[in-house]
Amino acid sequence: MSRICEITGRGALNGNHVSHSNIKTKRRFYPNLQTKKFYIPEEDAWVTLKVSAKGMRTINKKGIISCLNNALEKGYIKY
């Protein structure tokens, strides 16, 4: 499974490790992903999503149904 948020679509970024002697080596910055179950009362069902911390805040603000519909439109989730 890829390390991409299913609500916001955030993935890994590239960057550098910079040592004390200023030597630069490539590294990856991964999003803060959590596997979380959300309850959908309209369908009386539980949905398991791999969501970033920002995605959880978005779900708390907008609601799970609108976030799922938005993620389906943008192609982050496939049903």
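A few remarks follow.
- Whole-percent carbon and sulfur share, accessible surface of the chain, 1.4 Å: 50 percent
- Solvent exposure of the stretch 12-79 as accessible area per residue, Å², 1.4 Å probe: 79 Å²
- Protection proxy ranking of 62-69, 49-56 - average other beta-carbon atoms within 10 Å, highest first: 49-56, 62-69
- Compactness index (Cα Rg / 2.2 N^0.38 Å), the chain: 1.39
- Entry note, the chain: relative contact order of 31 percent, from Cα contacts under 8 Å with a spacing of 6+ residues.
- Tyr76 accessible area, assembled protein chains, probe 1.4 Å, Å²: 90 Å²
- Rounded tilt (10° steps) of 53-62 against the dominant C-alpha axis of the chain: 30 degrees
The values are calculated or read from the model by the stated rules, or taken from the named source; none is laboratory data. Remember, it's a predicted structure, so these values are computed and weren't measured experimentally. As a convention, Cβ positions derive from the backbone with ideal geometry for all residues, glycine included, and neighbour counts pool all protein chains shown. The accessibility values were calculated without ligands, DNA or RNA, using every heavy atom of the protein model including side chains. Shrake-Rupley method; radii C 1.70, N 1.55, O 1.52, S 1.80 Å.
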